[in-house]
Amino acid sequence: MPAKPSVAIVGPGRLGSALAAALIRGGYKIREIVCRNRAESLRSARSLAKAARAQLCTWEDGRLKADVIWFCVPDREVATTAKALAKGVRWKTKIVFHSSGALASDELDTLRRHGAAAASVHPLMTFVKESAPSLAGVPFALEGDSTAVRVARRISRDLGGVPFMIRKENKTAYHAWGAFISPLIVAELVTAEQVARAAGLRANEARKKMLPIVRQTIENYANFGPAGALSGPLVRGDTEIVRRHLAVLKKIPEAKNVYLALSRSALRYLPVGQRKKLQAILKS
């Protein structure tokens, strides 16, 4: 295996496109972009293959001559895609990765039986349309065969990432953690927009006004930890204000449920004032 092996990206979606860009910046050669033989998949794959100066191929005609085959398909498709590509390729000298945060490298067992070394390689980062975030400093959760993990560790470091090992039985909990630190934060923010509407603000207006305090809160969390970043009526033990919050949130049941759940979490894990009185209010 060369110091910088060639790579094939299977699945030209948001993650596959971001990884391809990062690999090219890291000095890696993208040899193939592999997609389904469908119009929409082919359009995005063709664009990515052109940008990466790679060969475009489909499940049916792909011969996968790259050293590392990196599956960037949705979780539910990892095992079926590996099975579909198993025939017609010499797997014995290859390294295969998938980037599911929730699933273990066992999803690639079909290719293991053909001689490949397999690992799950998950960058703890959010990938959305029109955004290609830097991978500098991003944790990469690794699990799998020692040979594949060794290559994954080297590649993730070359991309600026910080690799770490995770046990396969812990991957679902790891992925749930990831849900709390990105998509559920978005869900909390969109819920906050609904509360802002009750205060007379439009959603887009609320979004703009929210950003300074959201950014400062994250910065405080990073610099001072959770206890040092906490402010508001809970840390002051202001029971009357909490009662008023709950009263107005009766008109927005989903927001009230979020408020109760997060407030109870704060009472358990953070330093707050008037803890017993607040517990009684939240319980009632």
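With each label modelled as a point 7 angstrom along the Cα→C-beta vector, the Lys209-Asn257 pair spans 2.7 nm. Is it possible to state the helix-based mean residue ellipticity at 222 nm for the chain, with each DSSP H run of 4+ residues giving -39500 (n - 2.57), the sum divided by total residues, to the nearest 500 deg cm²/dmol? What is it? Helix-only estimate at 222 nm: -16000 deg cm²/dmol. Relative to the longest principal axis of the Cα atoms of the chain, the long axis of helix 14-25 lies at roughly 60 degrees.
Taking a straight Cα-Cα cut-off under 13 Å and skipping sequence neighbours fewer than 8 places away in the same chain, the aspartates and glutamates within cross-link reach of Lys168 are Asp106, Glu107, Glu143, Asp145. Among 64-75, 239-250, sorting by the average number of other beta carbon atoms lying within 10 angstrom of each residue, highest first, gives 64-75, 239-250. Among Leu23, Ala102, Phe71, flag the residue with its Cα farthest along the positive direction of the charge dipole of the range 1-110, charges on Cβ as +1 for Lys/Arg and -1 for Asp/Glu. My answer, from the dipole projection, is Leu23. Only one residue of Val195, Leu260, Met165 has its Cα farthest out toward the positive end of the dipole of the chain, where Lys and Arg carry +1 and Asp and Glu -1 on Cβ, and that residue is Val195. The magnitude of the dipole of the range 200-284, with charges of +1 and -1 set on the Cβ of Lys/Arg and Asp/Glu and taken from the Cα centre, is near 300 debye.
Once P(r) over Cα pairs in 10 Å bins from 0, in percent is calculated for the structure shown, the corresponding label among (i) 6, 28, 35, 23, 6, 1, 0; (ii) 6, 24, 27, 17, 16, 9, 2, 0; (iii) 6, 22, 21, 18, 13, 8, 8, 4, 1, 0 turns out to be (ii).
For Lys65, a cut-off of 26 angstrom between C-alpha atoms picks up these lysines, skipping any fewer than 8 places away in its own chain: Lys4, Lys29, Lys50, Lys83, Lys87, Lys92, Lys94. So if each residue of separation counts as 0.36 nm, and I subtract the Cα-Cα distance between Arg90 and Ala280, what length gain in nm does that give? Fully extending the segment from Arg90 to Ala280 adds 61.9 nm.
Annotation: for a label point projected 7 angstrom from Cα along Cα→Cβ of Tyr221, residues of the range 157-173 with backbone N closer than 19 Å are 173. Suppose each label sits 7 Å from its Cα in the direction of the beta carbon; what would the Ala102-Ile185 distance come out to in nanometres? It is 2.1 nm.
Placing +1 on the Cβ of every Lys and Arg and -1 on the Cβ of every Asp and Glu, with nothing else charged, gives the chain a dipole about its Cα centre of roughly 180 debye. The phi torsions of the range 131-138, fed into the Karplus equation with coefficients 6.51, -1.76 and 1.60 and a -60° offset, translate into couplings of 10, 10, x, 5, 9, 5, x, 7 Hz, rounded to whole numbers, with Gly and Pro shown as x.
Residue separation of Ala39 and Leu270 scaled by 0.36 nm, minus their Cα-Cα distance, works out to 78.0 nm of gained length. Relative to the current alpha-carbon distance between Ala132 and Leu201, full extension at 0.36 nm per residue lengthens the span by 21.7 nm. A Cβ-based charge dipole, computed about the Cα centre of the range 150-266 with Lys and Arg at +1 and Asp and Glu at -1, lands at about 280 debye.
Laboratory data are not the source of any read-out in this text; all were calculated from the coordinates shown. Just so it is clear, the structure is predicted and the values come from calculations on it, not from any experiment. Every residue, glycine among them, receives a Cβ derived from its backbone with ideal geometry; neighbour counts consider all protein chains shown.
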